[in-house]
Amino acid sequence: MLTLPIYLDNNATTPLDPRVLDAMMPYMTNMFGNAASRNHPFGWQAEEAVDYAREQIASLINCSPKEIIFTSGATESDNLAIKGVFEMYASKGNHIITVTTEHKAVLDTCKHIEKLGGKVTYLKVDDKGLIDLKELEEAITDKTILISVMYANNEIGVIQPIREISAIAKKRGILFFTDATQAVGKIPVDVEADGIDLMAFSGHKMYGPKGVGALYVRRKNPRVKVTAQMDGGGHERGMRSGTLNVPGIVGLGKAAEVAKQDMEADTKRIAAMRDRLERELLTIEESYVNGSTEHRLPHVSNISFKYVEGEGLMMGVKDIAVSSGSACTSASLEPSYVLKALGLSDDLAHSSLRFGLSRFTTEEEIDFAIDHVKQAVAKLRDLSPLWEMFKEGIDLNSIEWAEH
Amino acid sequence: MAYSDKVIDHYTNPRNVGTLDKGKKNVGTGLVGAPECGDVMRLQIEVDENQVITDAKFKTFGCGSAIASSSLATEWLKGKTVDEALAIDNMAIVEELALPPVKIHCSVLAEDAIKTAINDYRVKNGLPELELPKSHH
């Protein structure tokens, strides 16, 4: 039995895994202690739970438990990493290199850094969404203190060449930070093998709870420090004050453990469903995958359906929950800056859908989604004057449109 | 965003979708909007010898509100004289479809499409082109 609408927006957030909820529940009820209370069993219990979660997470990303700084989520981790490094390493330089397709939590933090007098280089991506390593090398100056490149993109799922980037950073003595929110728990992420110095990730993108995330901060080769962005009790080795969110942290820990245990089997199943969905949808005329299909997360597919408008399409696919490449609830229709960075025209960027599968997605749901999208695209093309012109062989670029 | 029931109705069952023969002298065509902006409307009217609009068709590339605005416009156009059609105001469409402020441009586009179609008809039939208010978007 299908329950509608079907959730295929797992890059936005994932449902909580019941195993995670079970692990968290005691810490929302009886075991409510403050992990910083050193004087009684309530505090000890909480601290023990937090320490255990640290180990579970460390085991997933191959680091020491001491290198995990708990935060409220990936946005905070991004802010802490970039602003914290900028402040801590001010004497070494003020230049940061990042990429135009980063998440807003990175881009807007970099804008903030620029206001503080820092210099930021925004690398372009090619039509597959990948950066050019040569361009990265050329962007490095003697003032460069940080390279910030996301592990995998949230809109198109494209995975950047992380090991090559970290090798360049290491060679030039620059710290490498990666926003790995979409990657951790989905694909193998190993901070040692990948050469990562700082890494942001979040609970709710990996079947854990919202409101909790972490920043990995390397302690050896090199020892990395970030200046705290919140003043207070000096929790988390002085880098992030604030009473620890014990149930959230327990949930993040459990989510990490489950991810490690199930990743191989999950990935195989999810990738097969994603591939089938994509193959079927690409049988629709004038439909295109956005971004590299070679270097990509196994559960993501971003497809543009030409001559169909994104918001109309969203309305037509109301029985599936997906994202559109068009921020269309605002007065000005803003196409996705990520798709634009790939070189897509505005109309193709507007007409894209992002599908994000999860470990809870079923074959029946994919069957339904395929039919539903095919029908919606066909219906809207019947309504579309652009489709009619295309079918008549009229070059749409030859028409003088009244821009409005 | 929540759509009104009327928008959903027009989106689900659009009225008068289709194409009239733009080569005919008594057919006026209005093509407005731009693909980059996310909406393009094509509205056509067929006019009889008494200046009465006997048929109206549309095709729209756009959001639900744009589709509904043009679908509603074709309903209103049928049976009106050309002069009566010129008096159709976008705010009437906003009211009928309960469009929120961010979707008012859809109604403006529909009004533009009506006026552009009428002008096309006028020019084809040797009547002077009417001055259209430009770019209210």
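The values are calculated or read from the model by the stated rules, or taken from the named source; none is laboratory data. Predicted, not measured: the structure shown is a model, and the values here were computed from it. Please note: Cβ atoms are built from the backbone with ideal geometry, for glycine as well, and neighbour counts cover all protein chains shown.
The residues of the range A:266-304 that are touching a strand residue (DSSP E or B) at 6+ places or on another chain (Cβ under 8 Å) and in a helix (DSSP H, G or I), listed by number, are A:Thr267, A:Arg274, A:Leu277, A:Glu278, A:Leu281.
Mind checking whether some residue in the range A:339-352 is closer than 22 Å to A:Leu4 by Cα and without any contact (Cβ under 8 Å) to a residue 40 or more places away in the chain? Within the range A:339-352, not a single residue is closer than 22 Å to A:Leu4 by Cα and without any contact (Cβ under 8 Å) to a residue 40 or more places away in the chain.
Out of the residues in the range A:124-146 that are buried (at least 20 other Cβ atoms within 10 Å of the Cβ) and either out of contact with any Lys or Arg (no Cβ under 6 Å at 6 or more places or on another chain) or basic (Lys, Arg) (or both), which is nearest to A:Ser77 (Cα to Cα)? Spell out the reasoning first.
Taking the range A:124-146 and keeping what is buried (at least 20 other Cβ atoms within 10 Å of the Cβ), we get A:125, A:129-131, A:136, A:144-146.
Filter once more, so that each one left must be either out of contact with any Lys or Arg (no Cβ under 6 Å at 6 or more places or on another chain) or basic (Lys, Arg) (or both): A:125, A:129-131, A:136, A:144, A:146.
On the way: A:Val125: 24, A:Gly129: 24, A:Leu130: 23, A:Ile131: 23, A:Leu136: 23, A:Thr144: 21, A:Leu146: 15 Å.
If we take residues in the range A:124-146 being buried (at least 20 other Cβ atoms within 10 Å of the Cβ) and either out of contact with any Lys or Arg (no Cβ under 6 Å at 6 or more places or on another chain) or basic (Lys, Arg) (or both), then A:Leu146 is nearest to A:Ser77 (Cα to Cα).
Out of all the residues in the range A:330-348, is one or more polar (S, T, N, Q), under 30 Å from A:Leu107 (Cβ atoms) and in contact with a Ser or Thr (Cβ under 8 Å, 6 or more places away or on another chain)? Outline the logic, then answer.
Step one: filter the range A:330-348 for residues polar (S, T, N, Q), giving A:330, A:332, A:336, A:345.
Restricting the remaining residues to those that are under 30 Å from A:Leu107 (Cβ atoms) gives A:330, A:332, A:336, A:345.
Cutting the leftovers down to in contact with a Ser or Thr (Cβ under 8 Å, 6 or more places away or on another chain) gives us A:336.
Looking for residues that are polar (S, T, N, Q), under 30 Å from A:Leu107 (Cβ atoms) and in contact with a Ser or Thr (Cβ under 8 Å, 6 or more places away or on another chain), one finds at least one in the range A:330-348, hence yes.
Per the listing B:Gly18, B:Gly30, the residue uniquely more than 9 Å from chain A (Cβ to nearest Cβ), more than 22 Å from A:Ala349 (Cα to Cα) and out of contact with any helix residue (DSSP H, G or I) (no Cβ under 7 Å at 6 or more places or on another chain) is B:Gly18. Scanning the range A:43-70 for residues that are under 17 Å from A:Asp197 (Cα atoms), crowded, with 22+ Cβ neighbours inside 10 Å and either at pLDDT below 95 or not hydrophobic (A, V, I, L, M, F, W, C) (or both) turns up just one, A:Glu67.
A quick yes/no check of all residues on (1) buried (at least 23 other Cβ atoms within 10 Å of the Cβ); (2) over 23 Å from A:Asn79 (Cα atoms); (3) among the small types (Gly, Ala, Ser):
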| position | (1), (2), (3) |
| --- | --- |
| A:Ser148 | yes, no, yes |
| A:Glu155 | yes, no, no |
| A:Gly173 | no, no, yes |
| A:Pro188 | no, yes, no |
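Only residues that are more than 18 Å from A:Phe390 (Cβ to Cβ), of a type in the set (A, V, I, L, M) and either at the interface with chain A (Cβ under 7 Å from one of its Cβ atoms) or in contact with a Ser or Thr (Cβ under 8 Å, 6 or more places away or on another chain) (or both) were counted across the range B:33-56, and they come to 5. Pairs are defined by a Cβ separation below 7 Å, a sequence spacing of at least 6 or placement on different chains, a first member in the range A:221-237 that is in the same structural domain as A:Glu47 (by TED's automatic domain parsing), and a second member that is among the acidic types (Asp, Glu); the pairs so defined are A:Val224/A:Asp197; A:Thr227/A:Glu87.
Those helices (runs of 4 or more DSSP H) of the range B:57-109 in which at least 1 residues are within 14 Å of another protein chain (Cβ to nearest Cβ), considering only elements entirely within it, cover B:64-77, B:90-97.
I'd like to check something: does the range A:71-92 contain any residue that is of a type in the set (Val, Ile, Thr), in contact (Cβ under 8 Å) with a residue 12 or more places away in the chain and either touching an Asp or Glu at 6+ places or on another chain (Cβ under 6 Å) or farther than 18 Å from A:Met230 by Cα (or both)? Write out each step before concluding.
The initial filter retains those residues of the range A:71-92 that are of a type in the set (Val, Ile, Thr), namely A:71, A:75, A:82, A:85.
Add one more test, that the residue is in contact (Cβ under 8 Å) with a residue 12 or more places away in the chain, and what stays is A:71, A:75, A:82, A:85.
Retained after the next criterion (residues that are either touching an Asp or Glu at 6+ places or on another chain (Cβ under 6 Å) or farther than 18 Å from A:Met230 by Cα (or both)): none.
The answer is no; no qualifying residue exists.
Condition first: more than 30 Å from A:Thr14 (Cβ to Cβ) and of a type in the set (Asp, Glu). Can you find one or more residues in the range A:373-388 that meet it? Yes: the range A:373-388 contains one or more residues that are more than 30 Å from A:Thr14 (Cβ to Cβ) and of a type in the set (Asp, Glu).
Against the numbered list (1) in a loop (DSSP other than H, G, I, E, B); (2) crowded, with 17+ Cβ neighbours inside 10 Å; (3) among the small types (Gly, Ala, Ser), B:Gly23 comes up short only at (2).
So in the range A:358-369, with the set limited to residues that are of a type outside the set (Lys, Arg) and under 20 Å from A:Leu297 (Cβ atoms), which one is surrounded by the fewest Cβ atoms within 10 Å (Cβ to Cβ)?
Step one: of the range A:358-369, the residues of a type outside the set (Lys, Arg) are A:358, A:360-369.
Keeping just the survivors that are under 20 Å from A:Leu297 (Cβ atoms) gives A:358, A:360-363, A:365-366, A:369.
On the way: A:Ser358: 20, A:Phe360: 15, A:Thr361: 22, A:Thr362: 13, A:Glu363: 11, A:Glu365: 20, A:Ile366: 20, A:Ala369: 24.
Per the criteria, the residue is A:Glu363.
If a residue has to be of a type outside the set (Ser, Thr, Tyr) and under 21 Å from the mean Cα position of the chain (by Cα) to count, how many in the range A:7-24 make the cut? Give the steps one after another, and end with the answer.
If we filter the range A:7-24 for residues that are of a type outside the set (Ser, Thr, Tyr), which is where we start, we get A:8-12, A:15-24.
From the residues that got through so far, the ones that are under 21 Å from the mean Cα position of the chain (by Cα) too are A:8-12, A:15-17, A:20.
Counting residues in the range A:7-24 that are of a type outside the set (Ser, Thr, Tyr) and under 21 Å from the mean Cα position of the chain (by Cα) gives 9.
When the range B:66-92 is filtered for residues that are among the basic types (Lys, Arg) and either over 24 Å from B:Glu131 (Cβ atoms) or touching a residue at least 40 places away in the same chain (Cβ under 8 Å) (or both), only B:Lys78 remains.
Of all residues in the range A:233-265, which are part of a loop (DSSP other than H, G, I, E, B) and at negative phi? Steps first, please.
Step one: filter the range A:233-265 for residues part of a loop (DSSP other than H, G, I, E, B), giving A:233-245.
Within the range A:233-265, A:Gly233, A:His235, A:Met239, A:Arg240, A:Ser241, A:Thr243, A:Leu244, A:Asn245 qualify.
For the range A:350-357, the criterion of being within 11 Å of chain B (Cβ to nearest Cβ) and buried (at least 20 other Cβ atoms within 10 Å of the Cβ) is met by at least one residue.
Only one of the listed residues (A:Met230, A:Met263) is over 27 Å from A:Ser166 (Cβ atoms) and not acidic (Asp, Glu). That residue is A:Met230.
A search for C-beta distances below 7 Å between a residue of the range A:93-122 that is over 19 Å from A:Ile174 (Cα atoms) and any residue that is surrounded by fewer than 18 Cβ atoms within 10 Å (Cβ to Cβ) and among the aromatic types (Phe, Trp, Tyr), counting only pairs 6+ apart in sequence or on different chains, returns A:Thr100/A:Tyr122.
Got at least one residue in the range A:25-42 being crowded, with 20+ Cβ neighbours inside 10 Å, more than 25 Å from the chain's Cα centre (by Cα) and assigned by TED's automatic domain parsing to the domain that holds A:Thr181?
The first filter runs over the range A:25-42 and keeps only residues crowded, with 20+ Cβ neighbours inside 10 Å, leaving A:27, A:35.
Filter again for more than 25 Å from the chain's Cα centre (by Cα), leaving A:27, A:35.
Pick out the ones that are also assigned by TED's automatic domain parsing to the domain that holds A:Thr181 and you get A:27, A:35.
Yes: one or more hits.
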